[in-house]
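Colleague: Here's a structure for you.
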Amino acid sequence: MSLVGTVKSENTKQFSTSSWWILAIVLLVYVGSTAAALAFFFAASATGQLGGANAPQMPAETLPPLLYSLATAMGYVFPLLIGTLMVTTEIRHQTLTPTFLATPRRGRVLAAKLIVGVALGLMYGVIGVLSSVVPSAVLLSVQGVDTQLGESDTWAMVARMLAAFVLWVFIGIAVGALVRNQIVAIVGVLVFTQFVEPIARTLVPFVEGAGDVVRFLPGAASDALVGASLYNAEVIMGAGGGNMLEWWAGGLVLLGVAAVLLVLAYLFSWRRDVA
């Protein structure tokens, strides 16, 4: 089967299951509700409506990037999961075997998954961006805070967020191909993204030198690529914190993680027999 035919087949398989739209809905609700709640309280703090006149106020100009970036800071686990499911679902239901029989060149099958992964990453990216930007912009505007939607820097950040979503799908595909077992892969993804890395990043201020290592973790690199994150709020607000990579360096680190994992998956797992 040609690459075009393999891509069409892969696209049909991915959108014929319920996984993609269930995760999309959860992403929309999760990021949207969080963005709305934080936008309300952050804007109230910036305008002095929260805590009285003597309460500390958040700089209003820092709020839009901080809130808009919630799509990736909190939502990156969703493209990672859908990428993992793209591979492990086929292995679990043994549909990968007929795929390999129809397309013996396994590299072509992996390439087709990556091509479809770009489309899925962009789709989830658009959903995530809308989930964070729309409620945040509305609530900021209502409370008199500039939304910065007319600034080129904001849209450049949005473009980098879409790129981050695509790279997370690639990483998910690699993880699924490496681990193969769906339950183990999903649990591993959730444990790392929701516990291991967040805890490590939280401990940075308390462990000397930890920031020099933690900033190269995938989630930290993703936030650096985007240029804003709740985890790096002190950088955005000008309160110090020099451990955040430049956006291009963060992008290279995340791309490097995806590339290394994909090569390992292809060499040590993808070419193995499917049980």
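The values are calculated or read from the model by the stated rules, or taken from the named source; none is laboratory data. Treat the numbers as computed from the prediction; the structure is a model and nothing was measured. Note that each Cβ is placed from the backbone with ideal geometry, even for glycine, and that neighbours are counted across all protein chains shown. Ligands, DNA and RNA are stripped out before the accessible areas are found, and what is left, the full protein with its side chains, is counted by its heavy atoms. Shrake-Rupley method; radii C 1.70, N 1.55, O 1.52, S 1.80 Å.
Colleague: So for the pair M1, L255, with labels modelled 7 Å out along Cα→Cβ, what separation do we get in nm?
Modeller: Result for the modelled spin labels: 3.0 nm.
Colleague: Against the longest alpha carbon principal axis of the chain, how many degrees, from 0 to 90 and to the nearest 10, is the axis of helix 3-15 turned?
Modeller: 60 degrees
Colleague: Please list, in order, the residues from region 164-204 whose amide nitrogen is less than 20 Å from a point placed 7 Å along the Cα→Cβ vector of T97.
Modeller: 177-183
Colleague: Rg and Dmax of region 131-185, using alpha carbons, in Å: what are they?
Modeller: According to the Cα coordinates of region 131-185, Rg and Dmax are 17.4, 50 Å.
Colleague: Using the Cα centre as the reference, give the magnitude of the dipole from point charges on the C-beta atoms of the chain (Lys, Arg: +1; Asp, Glu: -1; all else neutral), rounded to the nearest 20 debye. List each step's numbers first, then the result.
Modeller: Values: 13 positive and 13 negative charges, 282 e Å.
Charge dipole, the chain, about its Cα centre: 1360 debye, nearest 20.
Colleague: What distance in nm separates the two pseudo spin-label positions at E208 and V196, each 7 Å out from Cα along the beta-carbon direction?
Modeller: My value for the distance between the label points is 2.8 nm.
Colleague: Separate question: Pop out the carbon and sulfur fraction of the accessible area of the chain as a percent, whole number, probe 1.4 Å.
Modeller: Numbers: 8760 of 12670 Å².
Roughly 69 percent of what the probe reaches on the chain is carbon or sulfur.
Colleague: Let me ask something else about it. As a test of the formula, what do you get for the chain when each DSSP H run with n ≥ 4 contributes -39,500 (n - 2.57) and the sum is divided by the residue count, at 222 nm and rounded to the nearest 500 deg cm²/dmol? Each step should come with its number before you reach the end.
Modeller: Numbers: 14 runs with 192 residues, N = 275.
One gets -22500 deg cm²/dmol as the mean residue ellipticity at 222 nm.
Colleague: Which whole-number value in Å² is the accessible area per residue of region 135-267, probe 1.4 Å?
Modeller: Values: 6290 Å² over 133 residues.
Computed with neighbouring chains in place, this is 47 Å² per residue.
Colleague: Once both axes come from the Cα atoms, what is the angle between helix 106-142 and the longest principal axis of the chain, in degrees from 0 to 90, rounded to 10?
Modeller: Around 20 degrees separate the two axes.
Colleague: How big, in percent, is the set of alpha carbon pairs in region 129-275 lying more than 24 Å apart?
Modeller: Looking at region 129-275, the distances longer than 24 Å represent 43 percent of pairs.
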